[in-house]
């Protein structure tokens, strides 16, 4: 029972590390993903004859705000997941482990929402990111959703009764 719980904590911590590295990278190497956000929002690499270009956001101020929201959500997700992993680790041997999952579940859910709403729905569909041969992050977003979702499912499995 304790080993399975430790595995669950390790998985939560692994996703926490992922989000911490993503946020840290976006903060310390701001320009790399800034270009991605800027091109997706401006829709400058979508189909030239698309009737969707009226949705483009070309204001540098609004683009920056969008990028800062992404970084803030990544950071909050990392913090929730680290806190969740610590709370779970402290409860790993006790009867309350199953009731201590909520912070980790919130962090995992926020991570899924970032990639499903932010990158697939808003970026992919609203800003037609799927049309871009260069700035299309939908597959990576789906990969991240899958990774996070698997951890959420495993964490949500009921706890075995103590033997």
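What follows is calculated from the coordinates using simple rules that are stated; it is not laboratory data. Bear in mind the structure is a predicted one, so any value in this text is a computation, not a measurement. Every residue, glycine as well, gets a Cβ built from its backbone with ideal geometry; the counts of neighbours run over all protein chains shown.
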Taking 67, 115, 30 and counting other C-beta atoms within 10 Å, the order from fewest to most = 30, 67, 115
Fewest first, what order do 70, 86, 153 take by the number of other Cβ atoms within 10 Å?
-> 153, 86, 70
Extension reserve of the residue 133-residue 62 stretch, reckoned as 0.36 nm per residue once the Cα distance is removed | 23.2 nm
Angle in degrees between helix 102-113 and the longest Cα principal axis of the chain, rounded to the nearest 10 = 20 degrees
Please report how far the C-alpha centroid of segment 1-71 lies from that of segment 113-145, rounded to the nearest whole angstrom.
-> 10 Å
Overall Cα dimensions of segment 2-156, principal axis frame, Å, largest first | 60, 26, 20
Segment 89-129: radius of gyration and largest Cα-Cα distance (Dmax), Å | 16.0, 49
What is the helix-to-structure angle for 138-156, meaning the angle in degrees between its Cα long axis and the longest Cα principal axis of the chain, kept from 0 to 90 and rounded to the nearest 10?
-> 20 degrees
Acute angle (nearest 10 degrees) that the helix 2-28 long axis makes with the longest principal axis of the chain, alpha-carbon atoms | 30 degrees
